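Single-structure report; data block below.
The values are calculated or read from the model by the stated rules, or taken from the named source; none is laboratory data. Small disclaimer: the values here were computed from a predicted structure and weren't measured. Backbone-built Cβ (ideal geometry, glycine too); neighbour counts: all protein chains shown.
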Amino acid sequence: MGDKILEMRNVCKSFHQVRAVRNVSFSIKRGEVHAICGENGAGKSTLMNLIAGVYRYDEGEMLIDGESYRPKDPAEARGRGVNIVFQELSLFSLQTADKNIFAGKEITKAGLLAHREMKEKTARTLQEMELAIDGDKPVAQLTIGQRQWIEIARALADEAKILILDEPNSALNMYETEILFGLIEELTVKGITIIYISHRMDEVFRIADRITVMRDGSYIKTLEVKETSVDEIIALMLGKETKCVFTRSASEKGQVVAEGKNITVSGKIEDISFCVRQGEVLGLCGLAGSGYETLLQVLFGLVRMESGEIVMEGERIENRTPLDAMRHHIAMVPSDRRDTGLMTEWSIEKNIAQSLLRITSRRGLIHRKENRKIAEEYVRGLNVVCKSVEDSMVELSGGNQQKVLLAKWLATKPKLLILDDPTRGIDVGAKQEIYQLIDKLTRQGFAVILTSSEIDELTALSDRIMLFKKGRHIETVQAGASKGEILKYIAGNEGEAQARGINIQEEGEKACAGGEGRSGAGHEPGRWGKRVKAVFKKKEIGVLIAAVIVFLGFSMMVPSFLSGQNVAVILKQMSILGLLTYGMTFVFCAGEVDLSVGMVLNATMAFMALLMTKGDMNPWLAVAAGLLLATVLGVINGLLAVAFSLSTIVVTLGTMSIYRGLSLLLNGGRTISGLPEGSFLIMARVKIFGISLIAWISLAVFFLLLFIFKNTKFSRHLLLMGDNGQAAGKMGIKTNLLRIGVMALSGFLSGLGAVLTLSNLTSADTTTGADYAMSAIGAAVIGGTKMGGGCGSMWGSLIGIALVTVIQNGLVFLGMQSGWRSLFIGVTMIAAIFIDTAVERRPVKKEKQLLNLQQ
Amino acid sequence: MRYIRIRKLKKEEKNGIMVLAGILAVSILFSCTTATFATGANFLRLLRQMVIMIIIATGMTFVVSTGEMDISVGAIYNLAVNVMALLTLHTGLSPWLWAPVGILIGAACGGMNGVISTSLGLPAIIITLGTSYVYRGATFVLTGGYSVGNLGKSTFFDFGTGAFLGVNNTVYVALFVVAVSAWWMKRSVVCREFLAIGSNANASRYTGVPVKGRKIQNEVLMGGFAGLAAVLSLAFMASATSEGGSGYEMLAITAVVAGGGSTEGGSASVWGTLGGIALIMIIKNGLMLMGMSTAYQEATEGFLLVFAIAMQRLMHKRTG
């Protein structure tokens, strides 16, 4: 010990003139647990992001082991042994634990994924952590706490030198927190340095060796834990002078405006009661996730409460939607201006008018003059700096945007005004103006509910402050309470042992459609039983059974269906469509869609036929040229999508038409026939074991692709990208290259399909391929591959295309024309998506019930 | 003073000027390269050809304003045309009677799109990809793949082929629809809420917009417009084919985007879309007059779509 592993010298970072980190210099010793303390906005998280390579620092320098360190992205930071566990999870929710842990740094042997090694390593890591996590489940089905562990395990699998934990236990229960602490001890024994951020003082004092206090982006002091106390740290965090110098003038408290009685939302808040009077400011305070945010959402009709009631001016009301709340004269200024507050591209006038629409409109028509008048009135009243109300929001500063947001809601003339952190991210001057405004409003008799990320602000502005902890209202303090007192209540450690699972905040997490039900059964079936069960759980089986039934059905209904000739036709059709479907499976996994495959196929056919007839080219050379062309067309799709950051569905909608034009240009609108005899063109007529060579080739390609799908980094990264593109970027996966690559693959396979088709038809016609894209999409979706990415099945696609071809063929036998075919594809595709979504939604509900039971 | 004036030019106006400039440029180009472009007859024909696309693209303007895209419009349009034609053929009743049915069919198909996509929470573009096959398949099933003609005589068809002041009657209908839509788009609460959803769905929810309901209404509206286009088409052609309407969705989306509608939602202009359609149809018409094969026309359509969207992205990146 004793030597410095990480040293910071005068590190600075600014975001748009706001200096988030200023001149921070301190060092971290090898093998210690170093806690960083500070209030919200003190710059802790920004500093950690600088160390982890999420941002680059502007000035100063960092040294790791005495060497200069300025990572350009998290991947580089990881390469240098710095790992971070983010506050917000960045997991791939449809993937299992090992895929998550090794994301972006898969272990390979001879270029192939070493599945067993990764699985074993994962199992070992999880075992070391003494956790019972099912390594075969997609992480979306795990509890939040377990997901947090995966995130930590991911950081550890990297052989980290420095591990940054940014409030790691906000989602963990008592038991899990204990394990975490045990783990931290073990890690330090191994010589790993830990930087730990937490708001909970008792924990910091338990595990940390040293504590660094930050305030307003500056470094304050580093203290040895043994030589300090909680009080000293809190005093340092707060600083001597308080930031918020404002005293409210006295206001007349009138009658009760709003009252809440025993409001409960399971898993979020429990049994909350409150009341606000005219001219009163009620503050709400708690750590993030402590439930006060939910109370606001309930009041404004965004979240339904399960029990309890809300009374406005003596009348019981029910807010099912924000519209209901607005009708009952409740207004809410949300905390996130960009996400939930304003239309940033719109003008001031339109933004203010948005909440007025239903108030000023007549017969469904907007009353523009009146809206403008009101907007101008409020813009003047709130002192918004702008040229006119037609200025767009992006031209305004944060403070002025906030004022417009306030104006927007004040204009609705509410009786109860909810202000959710109204001064977030604005400068001091604007803050003062907003304080004065709140003061003025209360004098006018508004009832205000206020939250703030700054406790000073709350204590200065509120008449009473309700304190929340873990979904419960624990205490109410009166105006003038000190900040230290409040902090002790909300961040202290009493009552720790209650309510597990209260912190579950994320909902609607999607589970993979694989249908792996929750195997929570108590008894252990034998190994074989387990395997059989696992096989039957797979969705592919369902599709296979469907395919078999359909096949048998047709054979019974139509005698000639099973004739050798027809089976050969089905097989050929399936072989060609299959290639496109396999390509589409890869494309879907990456979260893309390729509508142009059929046209690429058609154009390639025309191109090859032209080369062979007019160009007199050797057929094999023509095939090579054709495959090249198809790949290039695929690359063009990918390039367009990447260069203009467009979705591939739109791009290929356009290129589909372009490629059709290309094809028509090549064949001049006529079928090109008269291809030379021999060479690859006889493939369709060569039979091995009575089955056309085409089918064998397609099958071989299938197995090759299956192998690639399972065993290469390329396809693994595709899946990860399709699952969570942002997280994939964080893990150092090159997403742009992958997008182009997968489109190229799809193009290449279409080209291969063209080769087989040409050999089958011995001429290049103008219509083949028109509905291939849809068949391929339908087959892939039926086979269980998700549109939108992250999960797919090659076997499923194989069975899917078998089903689609059999049905299409059978329909012809039943005397139904092509109309039924497209009808069928469309309906099955939508049905498949429906089933997919239904399966996804189920486990989440179960989890909720489980939680309720535990409470 | 002047400087400020130029700066004050809104995004919409800028876009409008660009589209007008584009129309002017291609018109001059085609007038020079072909003898037949700048003739009265061609102009009148062009106007008439534009009618269907104008109506569909106007409907698409509403869809794009919410940040969605509908690629089943061509299929809906064609289904409506064929159903109306079949009903006329088999019942022998006046097509006037079946016109509202056509619009209703369109609206119902649109409603289905909307309900499915909102209940699954998936973008309309994916759902409509599937439903477009359903509607197209249904058309084929109903017609057996044959064209429907010989619908007899009716004032309905007289109206469709007739002209007032030399201009085909349907053109007036289309322009009337555009004018009403443009006014409605600007003035109505509903359309403002469409735009709000497109601009920031979360924030619009926070201001009391019933997001799901509006999205369904939006799709119903789109379907209704497709149905109306079908009515006008039947009135003029007095026949229906099972392959009609393919590629219309692409043209419509291109026109909306060219006319200033953002693919990310939040802005769209009916007049702009009209300009966009005019531009596209002039280019198509000119290429045809120049004797270009359908190959070039097809390719041009696809190219225009990608080009329009890519341009918009680039402009957006620079300003925002």
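Filtered by the rule that a residue be more than 21 Å from B:A163 (Cβ to Cβ) and either touching a residue at least 60 places away in the same chain (Cβ under 8 Å) or not in a helix (DSSP H, G or I) (or both), segment B:20-36 gives B:L20, B:G22, B:I23, B:V26, B:S27, B:L29, B:F30, B:T33, B:T34, B:A35. For A:E457, the criteria (1) under 21 Å from A:G43 (Cα atoms); (2) in a strand (DSSP E or B) hold in every case but one, which is (2).
Does A:T604 fit the bill of being buried (at least 24 other Cβ atoms within 10 Å of the Cβ), within 14 Å of chain B (Cβ to nearest Cβ) and of a type in the set (S, T, N, Q)? Criteria not met by A:T604.
Let's see how each residue does on (1) part of a loop (DSSP other than H, G, I, E, B); (2) more than 8 Å from every other protein chain (Cβ to nearest Cβ); (3) without any contact (Cβ under 8 Å) to a residue 40 or more places away in the chain:
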{"residue": "B:A108", "(1), (2), (3)": "no, yes, no"}
{"residue": "B:T118", "(1), (2), (3)": "no, yes, no"}
{"residue": "B:L122", "(1), (2), (3)": "yes, no, yes"}
{"residue": "B:G145", "(1), (2), (3)": "yes, no, no"}
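Applying the criterion of at least 3 residues that are more than 10 Å from every other protein chain (Cβ to nearest Cβ), more than 17 Å from the chain's Cα centre (by Cα) and closer than 19 Å to B:G114 by Cα to the helices (runs of 4 or more DSSP H) found wholly in segment B:191-290 leaves B:211-237. Scan segment A:438-449 and tell me whether some residue there is within 30 Å of the chain's Cα centre (by Cα), of a type in the set (G, A, S) and modelled with pLDDT under 85. The answer is no, given that none of the residues of segment A:438-449 is within 30 Å of the chain's Cα centre (by Cα), of a type in the set (G, A, S) and modelled with pLDDT under 85. Of everything listed in (1) part of a strand (DSSP E or B); (2) not assigned by TED's automatic domain parsing to the domain that holds A:G38, the single unmet condition for A:L223 is (2). The lone criterion from (1) within 17 Å of the chain's Cα centre (by Cα); (2) of a type in the set (V, I, T); (3) surrounded by fewer than 16 Cβ atoms within 10 Å (Cβ to Cβ) left unmet by B:T155 is number (1).
Check whether at least one residue in segment A:234-257 is surrounded by fewer than 22 Cβ atoms within 10 Å (Cβ to Cβ), under 30 Å from A:R210 (Cα atoms) and β-branched (V, I, T), and report yes or no. Looking through segment A:234-257, at least one residue is surrounded by fewer than 22 Cβ atoms within 10 Å (Cβ to Cβ), under 30 Å from A:R210 (Cα atoms) and β-branched (V, I, T).
Quickly run through segment B:213-228 and pick out the residues that are aliphatic (A, V, I, L, M) and within 18 Å of B:M185 (Cβ to Cβ).
Scanning segment B:213-228 gives B:V220, B:L221, B:M222, B:A226, B:L228.
Which numbered condition in (1) within 14 Å of another protein chain (Cβ to nearest Cβ); (2) over 23 Å from B:S65 (Cβ atoms); (3) modelled with pLDDT of 85 or more is the only one that B:T170 fails? Result: B:T170 fails condition (1) only. Residue count for segment A:347-376 satisfying the condition of being more than 10 Å from chain B (Cβ to nearest Cβ) and small (G, A, S): 1.
Among the residues of segment A:649-658, are any aliphatic (A, V, I, L, M) and more than 8 Å from chain B (Cβ to nearest Cβ)? Checked against the condition, which is being aliphatic (A, V, I, L, M) and more than 8 Å from chain B (Cβ to nearest Cβ), segment A:649-658 yields no hits at all. Applying the criterion of being under 20 Å from B:E298 (Cα atoms) and buried (at least 24 other Cβ atoms within 10 Å of the Cβ) to the residues of segment A:611-643, the residue that is nearest to the other protein chains (Cβ to nearest Cβ) is A:N637. Is it the case that B:G114 is in contact (Cβ under 8 Å) with a residue 12 or more places away in the chain, more than 12 Å from chain A (Cβ to nearest Cβ) and either part of a helix (DSSP H, G or I) or surrounded by 22 or more Cβ atoms within 10 Å (Cβ to Cβ) (or both)? Yes. Scanning segment A:359-382 for residues that are under 20 Å from B:W183 (Cα atoms), surrounded by fewer than 17 Cβ atoms within 10 Å (Cβ to Cβ) and either among the small types (G, A, S) or in contact (Cβ under 8 Å) with a residue 24 or more places away in the chain (or both) returns a single hit, A:G364. As a summary of the residue check, B:L129 satisfies the conditions (1) at pLDDT below 90; (2) touching a helix residue (DSSP H, G or I) at 6+ places or on another chain (Cβ under 6 Å); (3) surrounded by 21 or more Cβ atoms within 10 Å (Cβ to Cβ); (4) within 12 Å of chain A (Cβ to nearest Cβ) except for the one numbered (2).
Matching residues to (1) touching a Leu at 6+ places or on another chain (Cβ under 8 Å); (2) of a type in the set (K, R):
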position	(1), (2)
A:A75	no, no
A:R78	no, yes
A:F86	no, no
A:F92	yes, no
A:H115	no, no
A:K119	no, yes
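Counting only strands (runs of 3 or more DSSP E) wholly contained in segment A:1-78, the ones carrying 3 or more residues that are free of Cβ contacts under 8 Å to residues at least 60 places away in the same chain occupy A:4-15, A:59-64. Return a yes/no flag: does segment A:712-727 have any residue that is buried (at least 17 other Cβ atoms within 10 Å of the Cβ), more than 14 Å from chain B (Cβ to nearest Cβ), within 30 Å of A:D765 (Cβ to Cβ) and touching a strand residue (DSSP E or B) at 6+ places or on another chain (Cβ under 8 Å). Checked against the condition, which is being buried (at least 17 other Cβ atoms within 10 Å of the Cβ), more than 14 Å from chain B (Cβ to nearest Cβ), within 30 Å of A:D765 (Cβ to Cβ) and touching a strand residue (DSSP E or B) at 6+ places or on another chain (Cβ under 8 Å), segment A:712-727 yields no hits at all.
Contact map, segment A:621-648: residues that are in the same structural domain as A:G598 (by TED's automatic domain parsing) paired with residues that are of a type in the set (D, E), Cβ distance under 6 Å, separation 6+ or inter-chain. Pairs shown: A:T648/A:E592. From the list A:V804, A:V812, the one residue that fits, being at pLDDT below 80 and within 14 Å of chain B (Cβ to nearest Cβ), is A:V812. In segment A:433-447, is there at least one residue being touching a strand residue (DSSP E or B) at 6+ places or on another chain (Cβ under 8 Å), free of Cβ contacts under 8 Å to residues at least 40 places away in the same chain, surrounded by 17 or more Cβ atoms within 10 Å (Cβ to Cβ) and within 14 Å of chain B (Cβ to nearest Cβ)? Scanning segment A:433-447 turns up no residue that is touching a strand residue (DSSP E or B) at 6+ places or on another chain (Cβ under 8 Å), free of Cβ contacts under 8 Å to residues at least 40 places away in the same chain, surrounded by 17 or more Cβ atoms within 10 Å (Cβ to Cβ) and within 14 Å of chain B (Cβ to nearest Cβ).
Quick grid of which residues meet (1) surrounded by 15 or more Cβ atoms within 10 Å (Cβ to Cβ); (2) modelled with pLDDT of 85 or more; (3) more than 10 Å from every other protein chain (Cβ to nearest Cβ):
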residue: A:M599; (1), (2), (3): yes, yes, no
residue: A:A609; (1), (2), (3): yes, yes, yes
residue: A:S645; (1), (2), (3): no, no, no
residue: A:S663; (1), (2), (3): yes, yes, no
residue: A:F680; (1), (2), (3): yes, no, yes
